[in-house]
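Quick notes on the structure that follows.
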Amino acid sequence: MFKKIKEYLSPPESQYSAAQIMRWLWNAWRGNRFQAVLNATIGLLSVVVSLSSVWAIQNAIDIASHVKPGSIYWAVGLMALLVLCNFALSISSTWIRNILGVRAQNRMQQSLLDRILRSEWHSKEKRHTGDIINRLEMDVNSVIKFLTEVMPSSVSTLAMFLGAFFYLYSLDKMLSLIIVVMIPVVAILSRVYVHKMRQLSREVRKSDSKVQSVLTETIQNRMLIKIMESDEAMVDKLEDTQSELRQNVVKRTWFSVIANFILNIGFSLGYLIAFLWSAIRLSNHTLTFGGMTAFLQLVNRVQGPAKNLTMLVPQFVSVFTAAERLMELEENPLEEQGKPVYMKAPCGVRLKDLTYAYEEGGNVIEHLSFDFKPGSCTAILGETGAGKTTLVRMILALMRPQQGEVEIYDEHEAKTLTPRMRCNFVFVPQGNTLLSGTIRDNLRLGKLDATDEEMEEALHTSCADFVLNLPEGLDTECSESGGGLSEGQAQRISIARALLRDRSIMLFDEATSALDPDTERNLLQNILSKHDKTIIFITHRPAVIDYCDQTLRIEKI
């Protein structure tokens, strides 16, 4: 029995220490200090208005009951003024929270996305796309809300607690000490609460990411699912992951409800003691009715902040969980950063005794050497699984060879290939790689400042003149993955986008697989006519091989 209780209350395992997480949160807070200071200032002003309201109500009641002299109209007018001040502060807080909060969230999302895009690429990603999106949305929101709202409000909450306590202490020392005596007990119990709640919160967030992963993957592949008639199976899969999420939410909710129930009993007992104490003093004529009203309001203003401060515990748990999940997105090391290194055109690529093997299998490429000479046209051939895609990734500096070297060279010098030299390449991957938006938007990914004339020339070279005959022309909208276009049309637009990039070395991975023979022949003639590029084709198409100067055949090991 005691063993089970110990396991239930044991702290969760984490790869990050509390100090590491706090340092990460501190760095994240740097860009959001202005909003945090504004929220803290409004919170402190609200404390002043709230405590002033207690005095104003006590003053009005004492004037109305003839305990003290004064005008009841002025007393109520003062109360009305304080109510208006409270409204103004509430509106300001809402405005800051909604407007600046969105900006802060956007900044953090941009920073994390930039970090992900600049990190080293892995052929087998550790996390599902849906999980990453979940973290960039839900966890970023949790962190920003904590840094810009929860922490500043805790300053005003503490100020309210201290102000109300000393106000109450000035009225009745004994009562004020009785009310706050439970706080150390709450602080001790909160440590146990943190340990278990952190574990439960992490399980909930993990389950939530699984649900989003299933939704993302199902929507992305809905055509395949329809064709395979697997609609019911995917809905059942979603139900299974949602069931896991519900179970974890129930566990966390039960734990939170029980903890809050115990806490509320303590605070309710304190309030009853305060009410009894002030009632006895009122009956003994040692306290006015206005004083009793002030007593009870102050007790609420002591207990309310104390309760809010204890509620910081689950919020700390939540933000620690969110911060851990965002820190995990930054685990991948960054690629080599710096200014792009351009080589003089035309330039070539030289493979020197390359070897590469994946962890789950044997060597994919073994002791491979080859020279893609400047201005040459090469076809890379090989059966599925022979390592063609792996080779292309190493040529593009997405992966590093485990042995040997990839070298880029021109007539003056040769250098070991690094990510900073990726600026010398154009790559057209296989499949549909168009994004949602207009055709113009897609083409400008190749060259942001491309003119309409340059786009039209690239479209003509890639045999995609059909774009200019569309009703909207370059402004024709494409849905996700180039929806609305055929595979062949999407391929030709992708090639036009690559031509706009206009770099010395061009790689095409089955880039003409969806084209008919005549269109393919015309496109190849257009691309190869100038003989000013080093061109590499990964292909099985005989028409492409016929246009190449040399071939590299990779055998499956």
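Counting only heavy atoms of the protein chains and using a 1.4 Å probe, residue 205 has close to 40 Å² of accessible surface. Rounded to the nearest Hz, the phi-derived 3J(HN,Hα) couplings of region 326-331 under the Karplus curve 6.51 cos²θ - 1.76 cosθ + 1.60 (θ = phi - 60°) are 6, 5, 5, 5, 9, 5, where x marks glycine and proline. For the set 237/388; 352/447; 447/533; 206/388; 339/447, the pairs lying more than 29 angstrom apart at their alpha carbons are 237/388; 352/447; 206/388. Couplings for region 405-417, taken from phi via the Karplus curve 6.51 cos²θ - 1.76 cosθ + 1.60 with θ = phi - 60°, read 8, 9, 10, 10, 8, 10, 6, 9, 8, 10, 9, 5, 5 Hz in order; Gly and Pro are left as x. With all protein chains in place and ligands, DNA and RNA left out, the 1.4 Å accessible area ranks 477, 407, 239 as 477, 239, 407, largest first.
Among the trypsin sites (Lys or Arg not before Pro) in region 433-498, those placed in a DSSP loop whose Cβ has at most 16 other Cβ atoms within 10 Å are 447. Surface calculation, 1.4 Å probe, protein heavy atoms: residue 367 sits at approximately 110 Å² accessible.
Expressed as a whole percent, the accessible surface of region 46-182 that belongs to carbon and sulfur atoms is 67, based on a 1.4 Å probe.
Protein heavy-atom accessible surface, 1.4 Å probe, per residue over region 354-462: 46 Å².
Computed with every protein chain present, the accessible area of residue 208 is close to 40 Å² [probe 1.4 Å]. The apolar share of the surface of region 438-557, taken as the fraction of accessible area on carbon and sulfur atoms (1.4 Å probe, ligands and nucleic acids excluded), comes to 45 percent.
Shown in residue order for region 526-540 are the 3J(HN,Hα) couplings computed by the Karplus curve 6.51 cos²θ - 1.76 cosθ + 1.60 at θ = phi - 60°: 4, 5, 8, 5, 8, 6, 10, 10, 8, 10, 10, 10, 9, 7, 10 Hz (x for Gly and Pro).
The values are calculated or read from the model by the stated rules, or taken from the named source; none is laboratory data. Note that the structure is a prediction, hence the values are computed from the model and not measured. Neighbour counts run over all protein chains shown; Cβ positions are idealised from the backbone, glycine included. All accessible areas refer to the heavy atoms of the entire protein, side chains included, with ligands and DNA or RNA removed. Shrake-Rupley method; radii C 1.70, N 1.55, O 1.52, S 1.80 Å.
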